[in-house]
DNA sequence: TAGAGCCTGGACAACGTTGTCAGATGCGGG
DNA sequence: CCCGCATCTGACAACGTTGTCCAGGCTCTA
């Protein structure tokens, strides 16, 4: 004898479906669908009955099924480095707001600066069939996204460019910002200027270093090997790097810090020293103006990066965009004191 | 004559399906499914052929369909106040890490402290059939979640308790923390102590105020009306409040600040004044130790809040939890100088 | 060599929703 | 009184995947 087909394991706790609602209201399946979606062509009386059944059963439409049928998920994915980093919070929020304005939800994931994890995340998002993807690259090869892009997943890269693939990018002017920041120090009389930055494989780090070198070259200053230190943003690493260049026989009189994680450690090191060392830092910090001296920064607008990227993404989805573009947002030098200290030696 | 049934509008850009892969590899549908899911029972040779077809077509499993069939989405939702707030970034990241350890993705949304938006978001997440929901409440009535909870959506509230509904909560010891912080000021000789906090309808704000009042009462100090100011965290509002209590005929000699948004403004106001005013702030800040004086804070562990909540959520999903519980995490007083200033008058 | 048992592969239904299309109902006009 | 039309309703097939079940071919043993 035929068993009653048992439902698969704990199926949403046996949630009511449109079928259940239809049965209870004594109407057809499609009529329920019409009510739920506010489609026209339902008598007020019928609508009332259906609505009653919905409320009584606690019915909620299953968007998975809907997505399957309609082909659009009304959700976009964001792959970033670390949500806990104060730089990415506002960026993520900005993306979310644009998504919300377009009726979409945001799924995000942190790559922790690991290319494999970035790929794993991005592909998982694609498997969920997000309509679009905003990626802050950890890796430098994004060919794995080619089938997705071809299949119509809108894609925008932010903060760092895409690797090996032609796609929209929204970047800050890392090179120009760093160059300007270093030039600022030079203008205040410094010649021995240190640079402490992130790992050189990260595009922003490389660009900022290039800005530093260019500014130095512009001023005819030869950069000593000991003035440049690249690596992780781990506090110990940064601390060692800073102390080294400050304790050398010919110590640097100013430091350019490559990002916000580096900066907080550099500030700590400088605060411990008697001799005043000038500092210009890439990325603004919340209380930077209240330190003594205030921290001069090259600020980038994280929210604007996110917003611009998301807007571009939705324009891709509308189909009004065709040619991938590279957009560069300006940075802003904010002088607060630390960058205007004269060389002390 | 029967039209060829046209596919619904731009269906994922006509992505290949398992059927396509099966056709190309010359095998059955289910065999492809087996390969994709690493199920046993496929000859290496067959598997190779299928894998080739998958690569050639750029096939990626459609998780929407999978979810529909299996009933679990392997994703959880997080509704918080504002992702751009440095308090919520780490919390969100901690939730994400736990989710990742359980193979789940995180969808999050910002309620912007608006109860309606919180509800809209939470229900949208439920419609996507997230397996669980971590909510930082904006509103104080969560009965709208009852059908969802009943239907098996694991639910945990963080930072603030649930309203009108019996559910797991993970909170900081707001009352005890504030009470301790204010007692700290009293122990350093202060009697006229101001409290600037968030809107009283927010649970954390109310609890911290209660802690303040209790500490004052413990010390036998009567609180003057002008010492307490509650409202939005808008800088102008906070600034006015601070200036008022500092300029009164009998000005406060110390301020207790109710959260990190308030604190940054209070610090600015205090920095502008000649007279030194003591400060203890709820929530730690990134550079708090480098200010002059260092900011004494009552720190809560945002990551621990998120981690604890997420872990509890997955234990609900495993079915090992039954009774909703209220977990309270301790806070930590970190003395850095500003809280140890003597009353100056 | 026949039969039992295993291994591989495929046909089919179901998940919950929406689009299509055709049937039912009611109303007004001839 | 009947027909045509507009309005409302429902049956049915798809969406892409997975679970169930059975068929066919193979190996191994008696």
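The values are calculated or read from the model by the stated rules, or taken from the named source; none is laboratory data. Only a predicted model underlies this, so the values are computations on that prediction, with no experimental measurement involved. Cβ coordinates were reconstructed from backbone atoms using ideal geometry, including for glycine residues, and neighbour counts include every protein chain displayed.
Here are the numbers for the structure shown:
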read-out	value
Single match in B:273, B:237 (criterion: surrounded by fewer than 20 Cβ atoms within 10 Å (Cβ to Cβ) and within 14 Å of chain A (Cβ to nearest Cβ))	B:273
Hey, residue B:201 in the same structural domain as residue B:268 (by TED's automatic domain parsing), surrounded by fewer than 21 Cβ atoms within 10 Å (Cβ to Cβ), touching a residue at least 12 places away in the same chain (Cβ under 8 Å) and within 17 Å of residue B:280 (Cα to Cα) or not	no
Residue that is surrounded by the fewest Cβ atoms within 10 Å (Cβ to Cβ) [pool: residues in the range A:112-125 that are at the interface with chain B (Cβ under 10 Å from one of its Cβ atoms) and in contact with a strand residue (DSSP E or B) (Cβ under 7 Å, 6 or more places away or on another chain)]	A:124
Flag if residue B:275 is in contact (Cβ under 8 Å) with a residue 12 or more places away in the chain and in contact with a helix residue (DSSP H, G or I) (Cβ under 9 Å, 6 or more places away or on another chain)	yes
Top-ranked residue of the range B:140-158 - restricted to ones that are away from every other protein chain (no Cβ under 11 Å) and out of contact with any strand residue (DSSP E or B) (no Cβ under 8 Å at 6 or more places or on another chain), ranked as nearest to residue B:200 (Cα to Cα)	B:140
Entirely in the range B:96-209, the strands (runs of 3 or more DSSP E) that have 2 or more residues that are within 30 Å of residue B:221 (Cα to Cα)	B:168-172, B:193-197
Flag for residue A:336 being over 17 Å from residue A:152 (Cα atoms), modelled with pLDDT of 95 or more and not assigned by TED's automatic domain parsing to the domain that holds residue A:88	yes
Qualifying residue in the range A:280-288 (condition: surrounded by fewer than 21 Cβ atoms within 10 Å (Cβ to Cβ) and free of Cβ contacts under 8 Å to residues at least 24 places away in the same chain)	yes
Criterion: surrounded by fewer than 16 Cβ atoms within 10 Å (Cβ to Cβ), away from DNA strand D (no atom under 16 Å from the Cβ) and either modelled with pLDDT under 95 or facing chain B (nearest Cβ under 10 Å) (or both) - qualifying residue of A:26, A:109, A:103	A:103
Subset of the range B:31-46 that is within 9 Å of DNA strand D (Cβ to nearest atom) and surrounded by 11 or more Cβ atoms within 10 Å (Cβ to Cβ) - its residue that is modelled with the lowest pLDDT	B:39
Residue match in the range B:78-100 (condition: within 11 Å of DNA strand D (Cβ to nearest atom) and in contact (Cβ under 8 Å) with a residue 12 or more places away in the chain)	no
Residue list for the range A:228-286, restricted to those being within 24 Å of residue A:113 (Cβ to Cβ) and part of a loop (DSSP other than H, G, I, E, B)	A:231, A:232, A:233, A:234, A:258, A:259, A:283, A:284, A:285, A:286
Matching residues, the range B:43-70, being within 13 Å of another protein chain (Cβ to nearest Cβ), in contact (Cβ under 8 Å) with a residue 12 or more places away in the chain and near DNA strand C (Cβ under 10 Å from one of its atoms)	B:67
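Per-residue answers, yes or no, for (1) part of a loop (DSSP other than H, G, I, E, B); (2) out of contact with any helix residue (DSSP H, G or I) (no Cβ under 6 Å at 6 or more places or on another chain):
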{"site": "B:42", "(1), (2)": "yes, no"}
{"site": "B:46", "(1), (2)": "no, yes"}
{"site": "B:49", "(1), (2)": "no, no"}
{"site": "B:55", "(1), (2)": "no, yes"}
{"site": "B:60", "(1), (2)": "yes, no"}
{"site": "B:64", "(1), (2)": "no, no"}
{"site": "B:67", "(1), (2)": "no, no"}
{"site": "B:79", "(1), (2)": "no, no"}
{"site": "B:83", "(1), (2)": "yes, no"}
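For every residue, the table says whether it meets (1) surrounded by fewer than 23 Cβ atoms within 10 Å (Cβ to Cβ); (2) assigned by TED's automatic domain parsing to the domain that holds residue A:85.
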residue	(1), (2)
A:161	yes, yes
A:166	yes, yes
A:181	no, no
A:188	yes, no
A:206	yes, no
A:213	yes, no
A:223	yes, no
A:228	yes, no
